[in-house]
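Asker: Structure in structure tokens, see below.
The values are calculated or read from the model by the stated rules, or taken from the named source; none is laboratory data. Just so it is clear, the model here is predicted, and its values are computed rather than measured. In this analysis, Cβ positions are derived from the backbone assuming ideal geometry, glycine residues included, and neighbour counts consider all displayed protein chains.
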Amino acid sequence: MELVDVTVYYLEMLAPSQRDVPAPRGGLTVLHAEAPSVPYYRCLYDAVGKDYRWLSRRKLADEELAAILNDPLNELHVLHVEGSPAGFAELDRRQRDEIELVQFGLMPDFIGHGLGKWFLQWTIDKAWSYQPTRFWLHTCTLDHPAALPTYKKAGFGQYKEEKSRREL
């Protein structure tokens with residue numbers, strides 16, 4: 001097992017951001033995948049996160065992951081471009097008055113076309129539609145280099161930073 005030094009950034013939003021992010025193209029649809037199957041979720045998760053060494057959901061047993069995915073307060077929203085899955089956002093609403101953006105990202109072929117900024121704003125608007133007092137996430141130095149600046153431009157403020165060692 002190889003270990004690597006990682007910096008984890010914790011970000012939060014305490015009020016909705018007021019940004020107008022126009023769709024970068026036509027043919028965009030976001031679908032709420034209610035109670036997605038474990039194989040479907042793992043396919044999306046791997047397609048988006050494999051280049052960034054996402055591990056948290058990969059380490060879960062199928063039964064444990066299924067319990068999370070079947071909880072109505074854990075939402076999976078899948079971005080489609082002309083019918084093809086392009087990325088996803090996972091919102092965890094299981095903590096009272098706060099929402100965590102657990103996973104967010106695009107598949108490699110869809111990066112660099114302005115979709116991330118638009119989909120992130122869609123996700124922010126969706127989260128605030130539930131009227132939480134806090135919307136938060138964490139990202140790290142293994143994520144796409146644009147992740148941290150994109151979250152900050154969208155209105156998230158950093159409240160904590162941690163250095164750690166993590167397996168690859």
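Asker: So how many residues does the stretch 69-101 have that are without any contact (Cβ under 8 Å) to a residue 24 or more places away in the chain, touching a strand residue (DSSP E or B) at 6+ places or on another chain (Cβ under 6 Å) and of a type in the set (A, V, I, L, M, F, W, C)?
Answerer: Total meeting the criteria: 0.
Asker: Take GLU34 and tell me if it is over 25 Å from LEU3 (Cα atoms) and either at pLDDT below 95 or polar (S, T, N, Q) (or both). I'd like the intermediate steps shown before the answer.
Answerer: On the way: over 25 Å from LEU3 (Cα atoms): yes; either at pLDDT below 95 or polar (S, T, N, Q) (or both): yes.
Answer is yes for this residue.
Asker: State whether the residues of the stretch 18-28 include one that is within 28 Å of GLU167 (Cα to Cα) and in contact with a strand residue (DSSP E or B) (Cβ under 9 Å, 6 or more places away or on another chain).
Answerer: no
Asker: Please go through the stretch 138-148 and give me each residue that is surrounded by fewer than 20 Cβ atoms within 10 Å (Cβ to Cβ) and either within 12 Å of VAL8 (Cα to Cα) or among the small types (Gly, Ala, Ser) (or both), ordered by number. Give the steps one after another, and end with the answer.
Answerer: Keep residues of the stretch 138-148 that are surrounded by fewer than 20 Cβ atoms within 10 Å (Cβ to Cβ), which gives 138, 140-142, 144-146, 148.
Across the stretch 138-148, the qualifying residues are HIS138, CYS140, THR141, LEU142, ALA146, LEU148.
Asker: Run down GLN95, GLN131, GLN103 and say which single residue is under 25 Å from TYR159 (Cβ atoms), surrounded by 15 or more Cβ atoms within 10 Å (Cβ to Cβ) and of a type in the set (S, T, N, Q).
Answerer: Working: GLN95 fails: surrounded by 15 or more Cβ atoms within 10 Å (Cβ to Cβ); GLN131 fails: surrounded by 15 or more Cβ atoms within 10 Å (Cβ to Cβ).
That would be GLN103, the only listed residue that is under 25 Å from TYR159 (Cβ atoms), surrounded by 15 or more Cβ atoms within 10 Å (Cβ to Cβ) and of a type in the set (S, T, N, Q).
Asker: Taking the stretch 8-33 as the search range and keeping residues that are among the hydroxyl-bearing types (Ser, Thr, Tyr) and touching a helix residue (DSSP H, G or I) at 6+ places or on another chain (Cβ under 9 Å), which one is nearest to LEU69 (Cα to Cα)?
Answerer: As a first pass, look at the stretch 8-33 and keep what is among the hydroxyl-bearing types (Ser, Thr, Tyr): 9-10, 17, 29.
Within this subset, residues satisfying the condition of being touching a helix residue (DSSP H, G or I) at 6+ places or on another chain (Cβ under 9 Å) are 9, 17.
Details: TYR9: 25, SER17: 28 Å.
Checking each candidate, the answer is TYR9.
Asker: Right, another one. Of the conditions (1) more than 14 Å from the chain's Cα centre (by Cα); (2) among the β-branched types (Val, Ile, Thr); (3) not in a loop (DSSP other than H, G, I, E, B), VAL21 clears all except one; give me its number.
Answerer: (3)
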